[in-house]
Amino acid sequence: MLNPLPDAFFDTDAQALACRLLGKVIRHRQGPYWLSARIIETEAYYVTDRGSHASLGYTEKRKALFLDGGHIYMYYARGGDSLNFSAHGPGNAVLIKSAYPWLDEHSDANAFAQMQLNNPDASGKPRPAERLCAGQTLLCKALGLKVPTWDAQRFDHQLLFVDDVGAQVSEIIQTTRLGIPTGRDEHLPYRFVDAHYARFCTRNPLRRGQVEGRDYFMLTQGN
């Protein structure tokens, strides 16, 4: 049974939302298939945070960031599409950094094959499951999400929504965000990773050389 999250779910603090979204499943309808991926990595952003788009001020392009929680904000990053959801408070949002393909009775092997067709590797070959959504632009490409279609929109339960499949996240890794320029609050620990899927995210926070308490913190909380 599908269980779309209500808009009210997103009307909460950006960091709390970033944690609560871990384990939830993004579902996007493409043709006859529901393309689906479990969220494993998120980043929180605030209007007061110099690393956020909202800190640059309101524009028509950035209006979704200033709307109620549960609006979709999409933009182009490194030549690809990126997916964000607005949180509580004008200018606050969560970036969906990476995910892992999700298969169930609604999203079968054919749906997974469509995701692989959407996002082949550099040689045109199918990406393995663990690399298919391992980054914000890879995720959008695999799910077929495009800026012109979804930016500043609400969820549409017939086409795109976030599903609560009842997955439990027992441990969450909190660490610094990726790709934030020097001097733009790059030190803030606003990146959250499902510890069970850490090796499949954009950059593994548990890789060799990383020290708990210095480079990351382990949060033992569910969603």
Open item on the list: When you scan the stretch 146-160, do you find a residue that is among the β-branched types (Val, Ile, Thr) and part of a loop (DSSP other than H, G, I, E, B), even just one?
Closed with: no
Open item on the list: Can you tell me which of (1) of a type outside the set (Phe, Trp, Tyr); (2) part of a loop (DSSP other than H, G, I, E, B); (3) modelled with pLDDT of 95 or more is the one residue 140 doesn't meet?
Closed with: (2)
Open item on the list: Contact list please: Cβ distance under 6 Å, first residue in the stretch 28-42 and in contact (Cβ under 8 Å) with a residue 40 or more places away in the chain, second residue in a strand (DSSP E or B) and among the acidic types (Asp, Glu), pairs at least six apart or on different chains.
Closed with: 40/194
Task: strands (runs of 3 or more DSSP E) lying entirely in the stretch 37-123 (those with 1 or more residues that are at pLDDT below 95 and closer than 24 Å to residue 148 by Cα) - done: 72-77
TODO: Can you confirm whether the stretch 147-161 contains a residue that is surrounded by fewer than 23 Cβ atoms within 10 Å (Cβ to Cβ), touching a helix residue (DSSP H, G or I) at 6+ places or on another chain (Cβ under 8 Å) and closer than 21 Å to residue 202 by Cβ?
DONE: no
TODO: Report the residue count in the stretch 12-51 for those that are over 16 Å from residue 185 (Cα atoms) and of a type in the set (S, T, N, Q).
DONE: 4
Task: Cross-chain or 6+ apart pairs with Cβ under 9 Å, the stretch 194-209 first and under 14 Å from residue 39 (Cβ atoms), then polar (S, T, N, Q) and buried (at least 19 other Cβ atoms within 10 Å of the Cβ) - done: 197/98; 200/98; 201/98; 202/98; 202/136
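The values are calculated or read from the model by the stated rules, or taken from the named source; none is laboratory data. The model shown is predicted, which means the values in this text are computed figures rather than measured ones. Positions of Cβ are generated from backbone atoms using ideal geometry, with glycine treated the same way; all protein chains shown enter the neighbour counts.
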